[in-house]
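The structure appears below as structure tokens.
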Amino acid sequence: MIARLEVVYCDGWDDGVVNPLTATAAQARDAAGEPYTAVLLIDGRRHAVMDVTWADEYCRVSRFDAAGRQVSCHELRGTGSGDLFLRRAATWDGPPDVGKHEFPHVAARTSTTYRLSGQRSDVVEPRGDRGDRHESRSIQPPPRLPIPGFRRWRELLSLAGDPPVEVIDAVHHPLPVRTAPRPPWRPPRPLRPHGIELLFTPGAQVEYNDRHLRLSAHSAGRLQVPSGRLIAADPSSLDFDAEPFNVTVPPGTYPVSISLATFVDDPRHTRVAAARLDISDRPAVRWELALRDGQDPLDLGYQQFFGFGVDAGMACFVDADSADRLVDVWRTLDGLVEPRYRTTGSGDMVAWSSGWGDGAYPTWIGYDASGSVACFVADMLLFSTDSEDEDEE
């Protein structure tokens, strides 16, 4: 028997239907790849919420029981070849008398994460927050399916745990409706580099909180990279956070430049905007986030990034083979207040003060037209374009 699901379209779900859409408007968004949400009903109650943004090759299906408790979540991502694969599946199974707010903490939890390479990771927590955690890894290709047409979601919903269903537009529904200035969810679009070239343009001015800062570029000397494996980190954390980036470069000694931002109305007030390690003199035509082992951009949400943490107000570039013997160098840097940057020893480390202070910061890799690494840029995020949504993973 085929179950019948009624669908209500909107900007998202947040204890109600947020900014309702007509079926025509939702179909237009679907065709354009723009974000929208489909709330699926059984007998007038919320059964599932499906967040869709095909331009981002992303879909999330959350299912709920009759008590309004979330019992599963399936996230699908694009394979890069026009179809989708199951990235992550999570389920909750708990006592029937537990309320929806306590339920996710006490219910038995399982989660499965797939990678396109065929790696599968499973986590089982039979007593939720109260018990053991069991992890296992195996080799299993992820389930895949084509990006479905509008309202043709039978295979998609089947993958998310539903039997064969028929989806029809709801004529009336009893769900609460509310308006909001923006959707309650955002597409999983990670932070992208913004104005990197501008940061190293001497004399350029940038506005920050109604004040003007003038940028200048300074040579910080040369960094020895004998292994070709670069680390960007807080120099005070090299003893426990010294993983090099996955992308390597030919061993050598490379120049480092510092972008310094000076307040026009207070020239004594400066901040480091970025640090750049030049591998060649060819211009970068493409930028990618520098990743370390185990990091995957598919795990990042809106404006998120993988970065290095700062707790001592300083950052540095150092080669992986040099890190172990430099774990105490940070004690000699005096916070890098004046000057704002310094090269230690004979080029073993280049350190600088970290933007506005402690936090998390991404490193971008610039590639030239031939696809070779041109530079690494540690971005101190002085001039974030969407700071309220920025998040480090």
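Summary table below
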| read-out | value |
| --- | --- |
| Estimated [θ] at 222 nm from DSSP helical runs (n ≥ 4, -39500 (n - 2.57)) normalised by residues in the chain, nearest 500 | -1500 deg cm²/dmol |
| Rough spin-label spacing in nm, given labels placed 7 Å along Cα→Cβ, for Y302 and D83 | 3.0 |
| Equivalent ellipsoid, the range 251-352 (semi-axes from 5 times Cα gyration tensor eigenvalues, Å) | 24, 20, 17 |
| For peptides 372-378, 249-255, sequence by mean Cβ density within 10 Å, most packed first | 372-378, 249-255 |
| Cα-Cα pairs of the range 49-156 separated by more than 17 Å (percent) | 58 |
| Alpha-carbon radius of gyration plus Dmax, which is the widest Cα pair, for the range 1-90 in Å | 13.4, 39 |
| Relative contact order (%) - criterion: Cα under 8 Å, at least six apart; region: the range 106-211 | 14 |
| Accessible surface, per residue, of the chain when the full set of protein chains is kept, probe 1.4 Å, Å² | 48 |
| Solvent-accessible ranking of H212, H173, H194, largest area first, probe 1.4 Å | H194, H212, H173 |
| For E125, solvent-accessible area (1.4 Å; no DNA, RNA or ligand), Å² | 30 |
| Quotient of Cα Rg and 2.2 N^0.38 Å for the chain, N being how many residues it contains | 1.17 |
| Virtual spin-label span in nm between R292 and D93, 7 Å along Cα→Cβ | 3.7 |
| Residue-wise HN-Hα coupling along the range 299-311, computed from phi with Karplus coefficients 6.51, -1.76, 1.60 (Hz; x: Gly, Pro) | 8, 8, x, 4, 6, 8, 7, 8, x, 9, x, 10, 10 |
| Carbon + sulfur, % of accessible area of the range 194-304 - ligands and nucleic acids excluded, 1.4 Å | 49 |
| Rg/Rh (Cα only; Kirkwood hydrodynamic radius) as it applies to the range 198-309 | 1.00 |
| Taking the chain and dividing mean pair separation by its residue count, relative contact order in percent (alpha carbons under 8 Å, at least six apart) | 13 |
| Mean Cα-pair separation over length for the range 31-106, i.e. relative contact order, pairs under 8 Å, 6 or more apart, % | 19 |
| Binned Cα-Cα distance frequencies in the range 106-249 - 10 Å width, integer % | 7, 13, 24, 23, 19, 12, 2 |
| Pairwise centroid distance, computed over Cα atoms, of the range 227-292 with the range 171-192, Å | 38 |
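The values are calculated or read from the model by the stated rules, or taken from the named source; none is laboratory data. Only a predicted model underlies this, so the values are computations on that prediction, with no experimental measurement involved. Heads up, the Cβs are rebuilt from the backbone with ideal geometry, glycines too, and the neighbour counts pull from every protein chain shown. For the accessible areas, the whole protein counts, side chains as well, though only heavy atoms, and no ligand, DNA or RNA atoms are used. Shrake-Rupley method; radii C 1.70, N 1.55, O 1.52, S 1.80 Å.
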